[in-house]
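First the structure, in the form of structure tokens, and then the observations on it.
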Amino acid sequence: MKRIATILAAATTALLLTACASTPGQADTRSAAKEQAYLEHAGEPVESIRLFGRLNSWSSVSDHKLVVRTGVNDSYLLTVDPTCTNLEFAHSIALTTTGSRVQTGFDYVRFDDGFMGQRCRITDIRPVDAKAASQALKNVT
């Protein structure tokens with residue numbers, strides 16, 4: 001009986017170690033592919049965007065990039081300061097504005113990742129064709 005328990009424990013440990021060893025690499029590859037897809041479908045940087053009221057939706061792309069949708073066909077790829085961490089795990093976000101504009105280098109993405117709240121300066125704003133980027137991701141996976 002002890003031998004069976006030992007074998008089961010060893011097998012379980014081996015499976016857990018294998019899962020832990022393969023997950024980060026797969027997650028990194030998927031995150032890199034997602035970021036690349038959005039960058040390929042992004043336009044030239046803009047100084048600011050209009051934001052009336054609330055965001056329609058948002059999604060994290062990487063630890064330093066996210067896509068915000070401000071209208072039915074208006075999506076932007078935002079890049080935040082590299083000192084920010086855990087943007088991928090944000091539960092919700094908010095953007096600071098100056099009047100009704102979000103400005104590069106002046107405004108911030110605020111979010112809570114479940115551990116601590118952060119305020120990250122926006123360093124780049126680019127219009128993005130989110131539908132084309134999503135379609136490109138479907139073709140990759």
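Checking the structure you have, find out if any residue of the stretch 20-32 is under 16 Å from the mean Cα position of the chain (by Cα) and modelled with pLDDT of 85 or more.
no
List the residue pairs whose Cβ atoms are under 8 Å apart, where the first residue sits in the stretch 39-62 and is closer than 20 Å to Leu87 by Cβ and free of Cβ contacts under 8 Å to residues at least 60 places away in the same chain, the second is assigned to a loop (DSSP other than H, G, I, E, B) and hydroxyl-bearing (Ser, Thr, Tyr), and the two are 6 or more positions apart or on different chains.
Partner pairs satisfying both residue conditions: Leu51/Thr70; Leu51/Thr97; Leu51/Ser100; Leu55/Thr70; Asn56/Thr70.
(1) surrounded by 15 or more Cβ atoms within 10 Å (Cβ to Cβ); (2) under 18 Å from Ala132 (Cα atoms); (3) among the charged types (D, E, K, R): which one isn't true of Glu40, the others all being true?
(1)
Results for (1) among the acidic types (Asp, Glu); (2) more than 15 Å from the chain's Cα centre (by Cα); (3) modelled with pLDDT under 85, shown as yes or no for each residue.
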residue	(1), (2), (3)
Val80	no, no, no
His91	no, no, no
Ala94	no, no, no
Arg110	no, no, no
Pro127	no, yes, no
Val140	no, yes, yes
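The values are calculated or read from the model by the stated rules, or taken from the named source; none is laboratory data. Computed from a predicted model, the values in this text were never measured in an experiment. Counting neighbours? That spans all protein chains shown, and the Cβs are built from the backbone with ideal geometry, glycine included.
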